[in-house]
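Remarks on the structure that follows.
Just so you know, all these numbers are worked out from the coordinates, no wet-lab data involved. Note that the structure is predicted; figures quoted are calculated from it, not measured. All Cβ positions, glycine included, derive from the backbone under ideal geometry; neighbour counts span all protein chains shown.
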Amino acid sequence: MMNSYGLIQNVQIQLNCNQTDLYVWADKPKLSQVLLNLIKNGVEAIPDTGEVMVNAYYRFEEIIIEIIDTGKGMSKEELDNIGTAFFTTKDTGTGLGVLVTVRIVEAIRGKITFESAIGKGTKVVLRLPSAEKEL
């Protein structure tokens, strides 16, 4: 879904997932919203041209999804405020997208972390409980 958006923004989106059996217990529209929000943020963080890489894999009874962009990155202060209502690094926006994303991830018993450095881009890691664990 996001490939055409990436092309318009001159950003390549790459998916790395060699496994077809990655299942989580989650509301599909809400999980889709999480992924779309994070990929869109990654695309919009890239000023000219770059890449957003999405890695998905199983490890230690969790499904790990990494979204890594080659964008402008964030400072330590910005990282400390990520997920706070009305905080944004964009010229336009409400800052509510990441807050909603964090709440959805928490509701499905997952964890989300952010790593970033100015000029190096940002990495978001989602850790979601594998559905197979509960079968």
Query - Qualifying chymotrypsin sites (Phe, Trp or Tyr not before Pro) in the stretch 49-86, DSSP loop, other Cβ atoms within 10 Å at most 15 - result: Phe60, Phe86
Report task. Based on other C-beta atoms within 10 Å, arrange Glu77, Glu62 from fewest to most. Result -> Glu77, Glu62
Query raised in the report: Of Ile112, Cys17, Ile39, which is farthest along the charge dipole of the chain in the positive direction, counting Lys and Arg as +1 and Asp and Glu as -1 at C-beta?
Result: Ile112
Report summary line: Rounded to the nearest 10 degrees, the helix 96-107 long axis (Cα) sits at an angle to the longest Cα principal axis of the chain of 10 degrees
Requested in this report: Using label points projected 7 Å from each Cα along Cα→Cβ, tell me how many nm separate Lys40 and Arg103, to one decimal.
Outcome: 1.6 nm
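Arrange Val100, Val43 by Cβ neighbour counts within 10 Å, fewest through most, would you?
Details: Val100 16, Val43 23.
Result, fewest neighbours first: Val100, Val43.
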Report summary line: Ordered by fewest other Cβ atoms within 10 Å, a rough proxy for footprinting exposure, Glu115, Glu66 read Glu115, Glu66
Report task. At 7 Å along the Cα-to-beta-carbon direction for both Leu79 and Leu22, put a label point, then send me their distance in nm to one decimal. Result -> 2.3 nm
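Lys and Arg at +1, Asp and Glu at -1: add these up for the other residues within a Cβ distance under 12 Å of Tyr5 and post the number. Walk me through the numbers before you get to the answer.
Details: positive: Lys40; negative: Glu44.
Residues near Tyr5 contribute 0 overall.
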Report task. Multiply the residue gap between Leu15 and Ser32 by 0.36 nm, knock off their C-alpha separation, and tell me the result in nm, one decimal place. Result -> 4.6 nm
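Indicate, rounded to the nearest 5 percent, the antiparallel portion of the DSSP beta bridges found entirely in the chain.
Values: 24 of 30 bridges.
Roughly 80 percent of the beta bridges in the chain run antiparallel, per DSSP.
If packing is taken as the average number of other Cβ atoms within 10 Å across a peptide's residues, how do 18-28, 3-13 rank, most packed first?
3-13, 18-28
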Query raised in the report: So how tilted is helix 28-44 from the main axis of the chain? Cα-based, degrees 0 to 90, rounded to 10.
Result: 30 degrees
Report summary line: If each K or R counts +1 and each D or E counts -1, the residues other than Thr101 whose Cβ falls under 11 Å of its Cβ total +2
